[in-house]
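Written out below as structure tokens is the structure these notes cover.
The values are calculated or read from the model by the stated rules, or taken from the named source; none is laboratory data. The model shown is predicted, which means the values in this text are computed figures rather than measured ones. Cβ sites come from the backbone with ideal geometry, for glycine too, and all protein chains shown count toward neighbours. Areas reflect the complete protein model, heavy atoms only, side chains present, ligands, DNA and RNA absent. Shrake-Rupley method; radii C 1.70, N 1.55, O 1.52, S 1.80 Å.
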Amino acid sequence: MMKKMLVLLAAAMFSLESMADEGMWLPSLISSRIKEMRSKGFRLTAKDIYDINKASLKDAVVLFGGGCTGELVSAEGLLLTNHHCGYDAIQRLSSVEHDYLTYGFWAMSRAEELPCEGLTVSFLVRMEDVTGRLAAGEERKAIIDAAAAEGKGYYASIEDMYYGNQQFLFVYRRFSDVRLVGTPPSSIGKFGGDTDNWIWPRHTGDFSVFRVYAGKDNQPAAYSPDNVPYKPARHLPVSTKGVGEGDFTMIYGFPGNTQEYVISDAVDYIANVSDPMKIALRTKRLDIISAAQASDPKLRIQYAAKHAAVANAWKKWQGEVLGIKRLGTVDKKRDYERRFAAWAADKPQYAGLLDSMRAAYARQEENYYLYELYAETLMPLELPQMAERALKGQGSNTMARYYKDFDLETDRALAKAMLAEFEKRVPDGRMPQALAERIERHGSTDAYIDYIYDNSLAGSEESVAGITADDPAADFRKVVTDNYPREYRARNLSDLKDIKRWYGPYLKALMEWDKERPFYPDANLTLRVAYGSVAGYEYADGEYHRCNTTLEGIIAKDNPEIYDYDVPQALRDAWAAKDYGRWGVELNGHMSVPVCFLATNHTSGGNSGSPIINGRGELVGINFDRTWRSTMSDVEFDPEKCRNISVDIRYVLFVIDRIGGASYLLDEMTLR
Ligand code: ARG
Ligand code: ASP
């Protein structure tokens, strides 16, 4: 009994200690964190993570496509990422006869692997702090060009850290012959669909398998049947032992966008202006799309990807608002800024800084709001886009792809709702004259939209070829794009030039003043390390969420009537027969197969597909999501509530082996 108590106590202390897991660190500077990582269970060294002279873990991690992460798991170029990251490539390869999204796909030999046109993966060759070189007068472009000339397939970029207080050169090697090796059916890879997206407990087998190919010299090469599997400098061994509560975890990947240092004005805009507006607008769009989908199975399929795209950020923002309010981020930041201002008061270089920043926000907020309003209402309307594309002379193949998933009546309903919202929300004096005139001429926004949708030749693929510039949809699109405030387009309000320029000095000042704070640069789609541990969390008062899920939960959700929960028969059969082979384990009180798990790593969009690695550098899962209540971590990370969601590598192996029948793939992995 006593012994058990001691173990529990130790576990409790451990979990307290493993709390402070905020941060996404630059791999080349990871040595500053190694002591803490080791205290949490990391067994390797800084050089194992990043080394320019020898192979290191970084050589097994890639930027997958334009905004995901992937990892190499064999000496023969085998790569794992998420199903939702491979989705576009899988969709492009799919047809009615070969519907890989619905039924999955498994190459049974190298010859059956499918080339993915346009898909690339990039390895980081090296990174270098070039702050000094730039300060000494070296030219940015010259540094980049020289780095890009270092090798075949190389490209480079210089990225700001801490709003330009540091600049890093990133040199990448890009491979463009990437082939699909396997994917589970969507009923596994997208199990739970948009309903379960951002949700825990989760049961999504969100993975897909690719292979990187190279020329015979192992260098990047354009697709050729003569290419051979790329031999990476390093691949990740795969742990078949799994992880449990309290185990060390590390995420190695490419997070896209965080804003941890913005001042209260920016957070106030996000939580009280921008997110609420975007959520309300997307709720309207989703209601219209969902109603259309429910009315007709054809529309359900046509609008599935669009629904997913609109719903993803919509849910994320809702969690972000809740989280920011719960944490009181705006007030906390105001207080922080008061203390900062008191310190800065007698330092001429910093004294007026916050006032300048506030003035810049006051100047720019409406401009950015206007940009966001256009982006969420008028810009996405499809009929006007079709008209514009046709006028620009897009080929009939491209047009056919768009029309395949286009429904005139659904788009008309969206247009009516969004034009009405635009008119209602547009700030005083910012309504374009040309648009106001057209609405007035037709009597109402609805009547104007009906006029466009009744008369445009862009309504169908057959008629669109005859379109001219005075087509009503083309005319509408021109009015919209002519007035679209391009100059205020930016990832975040705080990235507008007029605001951003103050953040360089502000961050510099913060670092001088707030000496205890562990600073890490905001995410900007450069390679980062986040560390933490496997952990459940208190979801609500009295409601604890365990850190892992199993096949039992999939079966419990099974419902052939509901598209998102229609479990594939092979999985039902395996469960009924308890036919788990080597993948069955005793978990949560029964013999089952582990499916997903939670951990405390600080992640963001772009970290999808990232390897989640144990203390010995072995792959234990693939990161794919966060819980929606943790999404304010892009603004403020809360160690108590923020959890990233990964698919357990044992479920990945189980699906490849038992459901896909592609066990030969396991033979080329390094299983431990
Ligand atoms: N929420 C995850 C991310 O932000 C997964 C999105 C894809 N899945 C979906 N059901 N829409 O990318
Ligand atoms: N699902 C996200 C991605 O695709 C990850 C996240 O936002 O947590 O990168």
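Mind checking the dipole of the chain: about its Cα centre, +1 per Lys or Arg Cβ, -1 per Asp or Glu Cβ, Debye to the nearest 20? Please list the in-between numbers first.
Details: 82 positive and 95 negative charges, 372 e Å.
The calculation lands at about 1780 debye.
If I take R0 = 56 Å and measure r between the Cβ atoms of residue 75 and residue 434 in this structure, what FRET efficiency does the formula 1/(1 + (r/R0)^6) give, to the nearest 0.05? Display every interim value, and only then the final one.
Details: r = 61 Å, r/R0 = 1.09.
Efficiency, rounded to the nearest 0.05: 0.35.
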Any idea what Rg and Dmax come out to for segment 510-574 if you just take the C-alpha atoms, in Å?
21.0, 62
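Give me the 1.4 Å probe accessible area per residue for the chain, excluding ligands and nucleic acids, in Å².
Values: 28040 Å² over 672 residues.
Spelled out: the 1.4 Å probe surface of the chain, per residue, equals 42 Å².
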Principal axis lengths of segment 521-631 from Cα atoms, whole Å, largest first?
50, 33, 29
Of 524, 484, 429, whose Cα points farthest to the positive end of the dipole of segment 424-556 (charges on the beta-carbon: +1 Lys, Arg; -1 Asp, Glu; origin at the Cα centre)?
524
For segment 252-291, the spread of Cα positions along each principal axis, largest first, Å:
40, 31, 7
Extent of segment 412-543 along each principal axis, from alpha carbon coordinates, in Å, largest to smallest?
64, 42, 33
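In what sequence, highest mean first, do 544-550, 385-391, 39-45 appear when ranked by Cβ atoms within 10 angstrom? Intermediate results must be reported in sequence, preceding the final value.
On the way: 544-550: 19.6, 385-391: 22.1, 39-45: 16.7.
Ranking, from highest mean packing down: 385-391, 544-550, 39-45.
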Could you run the Karplus curve 6.51 cos²θ - 1.76 cosθ + 1.60 with θ = phi - 60° over segment 153-161 and give me ³J(HN,Hα) per residue in whole Hz, x for Gly and Pro?
x, 6, 9, 9, 8, 10, 10, 6, 10
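Keeping the other protein chains in place, figure out the carbon and sulfur percent of the accessible area of the chain, with a 1.4 Å probe.
On the way: 14740 of 28040 Å².
The C+S portion of the solvent-accessible surface of the chain is 53 percent.
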Residue 454 to residue 233: extension gain in nm, 0.36 nm per residue of separation minus the Cα-Cα distance?
73.6 nm
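Evaluate the relative contact order of the chain (contact order divided by residue number), counting alpha-carbon pairs under 8 angstrom at least 6 apart; express in whole percent.
Working: 1236 pairs, mean separation 157.7, N = 672.
23 percent.
For residue 108, what charge total do you get from the other residues with a beta carbon under 15 Å from its beta carbon, if Lys and Arg give +1 and Asp and Glu give -1? Don't skip to the end; give the middle numbers.
Working: positive: 110, 179, 211; negative: 112, 113, 657, 667, 668.
Neighbour charge sum, excluding residue 108 itself: -2.
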Return the sequence-ordered ³J(HN,Hα) values of segment 30-44 in whole Hz as given by the Karplus equation 6.51 cos²θ - 1.76 cosθ + 1.60 applied to θ = phi - 60°, using x for Gly and Pro.
5, 4, 5, 9, 4, 4, 5, 4, 5, 5, 9, x, 6, 9, 9
If you plug each phi of segment 248-265 into the Karplus form 6.51 cos²θ - 1.76 cosθ + 1.60 with θ = phi - 60°, what whole-Hz ³J(HN,Hα) values come out, in order, with x for Gly and Pro?
4, 9, 9, 10, 10, x, 10, x, x, 6, 10, 9, 6, 10, 5, 7, 3, 4
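Ignoring everything except DSSP H segments at least 4 long, calculate the 222 nm mean residue ellipticity for the chain; use -39,500 (n - 2.57) per segment, divide by total residues, nearest 500. Write down the numbers at each step before the final one.
Numbers: 28 runs with 275 residues, N = 672.
Helix-only estimate at 222 nm: -12000 deg cm²/dmol.
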For segment 42-164, alpha-carbon Rg over 2.2 N^0.38 Å
1.37
Show me 443-451, 232-240, 652-660 ranked by packing, highest mean number of other Cβ atoms within 10 Å first.
652-660, 232-240, 443-451
Long-range amide H contacts for residue 82: which residues qualify at under 5 Å (H placed 1.01 Å from N, peptide plane, sequence gap of 5 or more or a different chain)?
208, 609
How big is segment 49-118 by Rg and Dmax over its Cα atoms, in Å?
14.6, 49
Given Cβ point charges of +1 (Lys, Arg) and -1 (Asp, Glu) and nothing else, what value in debye, to the nearest 20, does the dipole of segment 584-672 about its Cα centre take?
100 debye
Of the residues 37, 127, 396, the Cα lying farthest along the dipole of the chain towards its positive end, which is defined by charges on the beta carbon of Lys, Arg, Asp and Glu, belongs to 37
Set the Förster radius R0 to 45 Å, insert the Cβ-Cβ distance between residue 444 and residue 31 as r into 1/(1 + (r/R0)^6), and round the FRET efficiency to 0.05.
0.10
In segment 499-516, which residues have a backbone nitrogen under 20 Å from the label point lying 7 Å from residue 140's Cα in the Cα-to-Cβ direction?
499-508
Quick one: what does P(r) look like for the chain with 10 Å bins over all Cα pairs, in whole %?
3, 14, 23, 26, 21, 11, 2, 0, 0
Distance in nm between residue 616 and residue 155 label points, each 7 Å along Cα→Cβ, equals 3.8 nm
Take the alpha carbon atoms of segment 531-573, find their center, do the same for segment 324-352, and report the distance between the two centers in whole angstrom.
42 Å
What distance in nm separates the simple spin-label points at residue 515 and residue 577, each placed 7 Å from Cα in the Cβ direction?
6.7 nm
How far apart, in nm, are two points set 7 Å out from the Cα along the Cα-to-Cβ line at residue 363 and at residue 469?
3.6 nm
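When only C-alpha pairs under 8 Å and at least 6 residues apart count, what is the relative contact order of segment 388-453, in percent? All intermediate terms of the calculation are to be shown ahead of the outcome.
Working: 20 pairs, mean separation 21.9, N = 66.
In percent, rounded to a whole number, it is 33.
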Taking only the alpha-carbon positions of segment 468-547 as identical scatterers, the Debye log10 I(q)/I(0) at q = 0.12, 0.23, 0.27 Å⁻¹ comes out as -0.76, -1.12, -1.22
Kirkwood-type radius of segment 304-432, with distances r between different C-alpha atoms, in Å
19.0 Å
What one gets for segment 257-347 as the Kirkwood radius, inverse of mean 1/r over different Cα pairs in Å, is 15.5 Å
What net charge do the residues around residue 211 carry, taking every other residue with its C-beta under 12 Å from that of residue 211, with Lys and Arg at +1 and Asp and Glu at -1?
-2
Would you give the gap between the C-alpha center of segment 192-270 and the C-alpha center of segment 644-672, rounded to a whole Å?
16 Å
